[in-house]
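One structure is given here, and the rest of the page talks about it.
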Amino acid sequence: MTVQKATTEQMRKDALQIRNDVFVKEQHVDPELEWDEFDDDPETTMFVDYDQDHTPLATGRFRIVHGYGKVERICAQKVARGKGSGRKIMEAIEAEAKKRGVSKLKLGAQVTAIPFYEKLGYEVCSDIFMDAGIEHKEMQKQI
């Protein structure tokens, strides 16, 4: 398997489970902050990376906001980190953005994840801000 658009209810559940495991359980993000109206918005596209036995490894969310692509909720299960799942999610999101005519992407990166995004060509474009009690910086990329 590889990265799939979350087009079924089970795939959406897989995406939300990964986010629950990483953000809520591991990083202690308040569930009230993690879940929002965009999770149920038909304009939001979620992606899930699966391994060969169909275990969900990583997820990410993509929306178009004011003419640019907003990359959100990128995370990978512990077992998948450093093995390419996050990169595959980002590549799928960039391909979707291009397909939909978007040439600029923005994301709010946890400060600890900035090197990951920089390797993918994203550049920091803000000072540190707090989101869910975690330091972030905004990043962007022209595609």
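The values are calculated or read from the model by the stated rules, or taken from the named source; none is laboratory data. Because the structure is a prediction, the values reported are computed rather than measured. Don't worry about glycine lacking a Cβ; one is built from the backbone with ideal geometry, like all the others, and counts go over all protein chains shown. All accessible areas refer to the heavy atoms of the entire protein, side chains included, with ligands and DNA or RNA removed. Shrake-Rupley method; radii C 1.70, N 1.55, O 1.52, S 1.80 Å.
Here are the numbers for this structure:
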{"quantity": "Candidates E37, E91, E123, ranked by Gaussian network fluctuation over the chain, Cα under 10 Å, top entry", "calculated": "E37"}
{"quantity": "Karplus-derived 3J(HN,Hα), 6.51/-1.76/1.60, for each residue of the stretch 88-104, Hz, glycine and proline x", "calculated": "5, 4, 5, 5, 5, 5, 5, 5, 5, 4, 4, 4, 9, x, 9, 10, 10"}
{"quantity": "11 Å beta-carbon shell around Y50, net charge (K/R +1, D/E -1)", "calculated": "-3"}
{"quantity": "Restricting the stretch 48-143 to chymotrypsin sites (Phe, Trp or Tyr not before Pro) in coil, as DSSP defines it, with at most 13 other Cβ within 10 Å", "calculated": "none"}
{"quantity": "For Y50, distant residues with modelled amide H under 5 Å away", "calculated": "T2, V3, Q4, L57"}
{"quantity": "Sequence-distant aspartates and glutamates (8 or more away, or on other chains) whose Cα lies within less than 17 Å of K119", "calculated": "E91, E94, E138"}
{"quantity": "Note, ³J(HN,Hα) from phi for the stretch 110-115, Karplus 6.51, -1.76, 1.60, rounded to Hz, x at Gly and Pro", "calculated": "4, 3, 5, 9, 4, x"}
{"quantity": "15 Å beta-carbon shell around Q77, net charge (K/R +1, D/E -1)", "calculated": "+3"}
{"quantity": "Listed residues S85, S126, S103 arranged by accessible area, highest first, probe 1.4 Å", "calculated": "S103, S126, S85"}
{"quantity": "Mean separation of Cα contacts under 8 Å (6+ apart) over length of the stretch 2-142, as relative contact order %", "calculated": "20"}
{"quantity": "Local electrostatic count at L120 - Lys and Arg +1, Asp and Glu -1, tallied over other residues with Cβ under 9 Å", "calculated": "0"}
{"quantity": "For the chain, built as a Gaussian network whose Cα springs stay under 10 Å, the top-fluctuating residue of G108, G60, G84", "calculated": "G84"}
{"quantity": "Using θ = phi - 60° and Karplus 6.51 cos²θ - 1.76 cosθ + 1.60, couplings along the stretch 73-87 (whole Hz; Gly, Pro as x)", "calculated": "6, 6, 7, 9, 4, 3, 5, 9, 5, x, 10, x, 5, x, 4"}
